[in-house]
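K.L.:
There's a structure below that I have some questions on.
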Amino acid sequence: MIKLDRIEPDDDPLLVWAAQDMQPGVRAWAHKSAAAVATPDVANRNRVAVRGSAADIDELLLQIRPEVAGFFPIGEEALIAELTSVQIVAGFGWMDTTSQTNRKPEKMEELQDDEVDAFLDENHPHSFARPGWPGVNRWAGLRDDDERLVAVATDAWTTTHTGFISGVATRRDARGQGLATRLCAALTDELLEGRDRVALLVDHDNVAALRTYERLGYTLRRVAAATFGG
């Protein structure tokens, strides 16, 4: 096992994003074909992103386990399922795109935290991003003709190479009008400027969200999070 001081930008996109530009507190290791990056407070969890062969990852995780107690291993769903050192606790989708949406530019408004908090309390109380959380940078929104806030999203956990979108929510009585699509298209195009890709995480069973992002050119990769076995 060797310790890494950087992750190359052409590595696994999930690993590159999880490394968060190797900011303070991030640790990385390599062993044979395996690599692991442990990052606190990324997408609302302490995570250990992994890639490589299952056997090599198991060996690596065994060596670093004392250093990453309380972290959740994350990686390709089929790969995580092969590991003997962890137990899957959740499956979801990593979606990303490397292309502009080529949609009509949208006028987004930068929002104040208190307005976003109230909006999420009412319309998306289980949001995976909240104002003030580590790595959550700024909130953007759309308003209707009556100046009501109708959709929000955040640029969160964005890195040098990967823009990241989270906290997407639409006002309950305004859903089905394509508002999230418009907002995410604008954020995608903005975040792609000077970066390799834009990504997000989505629940497998959120069919409406999957269709929204697919219409914007995002492709789905099934990933899983796990905990260490006994």
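The values are calculated or read from the model by the stated rules, or taken from the named source; none is laboratory data. Computed from a predicted model, the values in this text were never measured in an experiment. For neighbour counting, all protein chains shown are included, and Cβ atoms are generated from backbone atoms with ideal geometry for every residue, glycine included.
K.L.:
How many residues does segment 178-189 contain that are without any contact (Cβ under 8 Å) to a residue 40 or more places away in the chain and in contact with a strand residue (DSSP E or B) (Cβ under 8 Å, 6 or more places away or on another chain)? Quick ask: steps written out before the conclusion?
P.N.:
Applying the first criterion (without any contact (Cβ under 8 Å) to a residue 40 or more places away in the chain) to segment 178-189 yields 178-181, 184.
The next check asks that each one be in contact with a strand residue (DSSP E or B) (Cβ under 8 Å, 6 or more places away or on another chain); those that pass are 179-180, 184.
Count: 3.
K.L.:
If you don't mind, another one. Hey, can you tell me all the residues within segment 18-42 that are in contact with a Phe, Trp or Tyr (Cβ under 6 Å, 6 or more places away or on another chain) and within 20 Å of residue 165 (Cα to Cα)?
P.N.:
42, the sole residue that qualifies.
K.L.:
For segment 144-153, give me each residue that is surrounded by 13 or more Cβ atoms within 10 Å (Cβ to Cβ) and either not assigned by TED's automatic domain parsing to the domain that holds residue 105 or not hydrophobic (A, V, I, L, M, F, W, C) (or both).
P.N.:
Answer for segment 144-153, where residues must be surrounded by 13 or more Cβ atoms within 10 Å (Cβ to Cβ) and either not assigned by TED's automatic domain parsing to the domain that holds residue 105 or not hydrophobic (A, V, I, L, M, F, W, C) (or both): just 144.
K.L.:
I've got another one for you. Considering only residues that are without any contact (Cβ under 8 Å) to a residue 60 or more places away in the chain, within 21 Å of the chain's Cα centre (by Cα) and assigned to a strand (DSSP E or B), which ones fall in segment 87-121?
P.N.:
Within segment 87-121, 110 is the sole residue that qualifies.
K.L.:
I've got another one for you. Give just the number: which of (1) of a type in the set (Ser, Thr, Tyr); (2) under 26 Å from residue 88 (Cα atoms); (3) in contact (Cβ under 8 Å) with a residue 60 or more places away in the chain; (4) in a loop (DSSP other than H, G, I, E, B) does residue 227 not satisfy?
P.N.:
(4)
K.L.:
Hey, another quick one. Out of curiosity, is residue 25 within 22 Å of residue 130 (Cα to Cα) and either touching a residue at least 12 places away in the same chain (Cβ under 8 Å) or not assigned by TED's automatic domain parsing to the domain that holds residue 155 (or both)? Spell out how you get there, then give the answer.
P.N.:
Working: within 22 Å of residue 130 (Cα to Cα): yes; either touching a residue at least 12 places away in the same chain (Cβ under 8 Å) or not assigned by TED's automatic domain parsing to the domain that holds residue 155 (or both): yes.
Here the answer is yes, as residue 25 does meet what is asked.
K.L.:
Taking only pairs six or more apart or across chains, which ones have beta-carbon atoms under 7 Å, a first residue in segment 48-68 that is in the same structural domain as residue 34 (by TED's automatic domain parsing) and at positive phi, and a second residue that is polar (S, T, N, Q) and surrounded by fewer than 20 Cβ atoms within 10 Å (Cβ to Cβ)?
P.N.:
If the second residue must be polar (S, T, N, Q) and surrounded by fewer than 20 Cβ atoms within 10 Å (Cβ to Cβ), the pairs left are 52/33.
K.L.:
Is there a residue in segment 202-217 that is farther than 30 Å from residue 86 by Cβ, assigned to a strand (DSSP E or B) and at pLDDT 95 or above?
P.N.:
So the first thing to find is which residues in segment 202-217 are farther than 30 Å from residue 86 by Cβ, and the list is 208, 211-212, 215-217.
Those left that are additionally assigned to a strand (DSSP E or B): none.
No, segment 202-217 contains no residue that is farther than 30 Å from residue 86 by Cβ, assigned to a strand (DSSP E or B) and at pLDDT 95 or above.
K.L.:
Kindly evaluate residue 173 against the criterion of being over 21 Å from residue 39 (Cα atoms), in a helix (DSSP H, G or I) and touching a residue at least 60 places away in the same chain (Cβ under 8 Å).
P.N.:
no
K.L.:
Looking at segment 6-15, which of its residues are in contact (Cβ under 8 Å) with a residue 40 or more places away in the chain and over 13 Å from residue 50 (Cβ atoms)?
P.N.:
9, 13
K.L.:
Sticking with this one: Looking at segment 60-108, which of its residues are out of contact with any helix residue (DSSP H, G or I) (no Cβ under 9 Å at 6 or more places or on another chain), of a type in the set (D, E, K, R) and surrounded by 17 or more Cβ atoms within 10 Å (Cβ to Cβ)?
P.N.:
77
K.L.:
Can I ask one more? Can you name the strands (runs of 3 or more DSSP E) wholly within segment 1-58 that have at least 3 residues being surrounded by fewer than 17 Cβ atoms within 10 Å (Cβ to Cβ) and touching a Lys or Arg at 6+ places or on another chain (Cβ under 6 Å)?
P.N.:
Passing ranges: none, list empty.
K.L.:
Look through 157, 94, 139 and report the one residue that is more than 20 Å from residue 46 (Cα to Cα), at pLDDT 95 or above and touching a strand residue (DSSP E or B) at 6+ places or on another chain (Cβ under 9 Å).
P.N.:
Working: 157 fails: more than 20 Å from residue 46 (Cα to Cα); 94 fails: more than 20 Å from residue 46 (Cα to Cα).
Of the residues listed, the single one that is more than 20 Å from residue 46 (Cα to Cα), at pLDDT 95 or above and touching a strand residue (DSSP E or B) at 6+ places or on another chain (Cβ under 9 Å) is 139.
K.L.:
Same structure, new question: Would you check which residues across segment 122-164 are among the β-branched types (Val, Ile, Thr) and assigned to a strand (DSSP E or B) and list them?
P.N.:
If the condition is that a residue be among the β-branched types (Val, Ile, Thr) and assigned to a strand (DSSP E or B), then 136, 150, 152, 154, 162 are the ones that fit.
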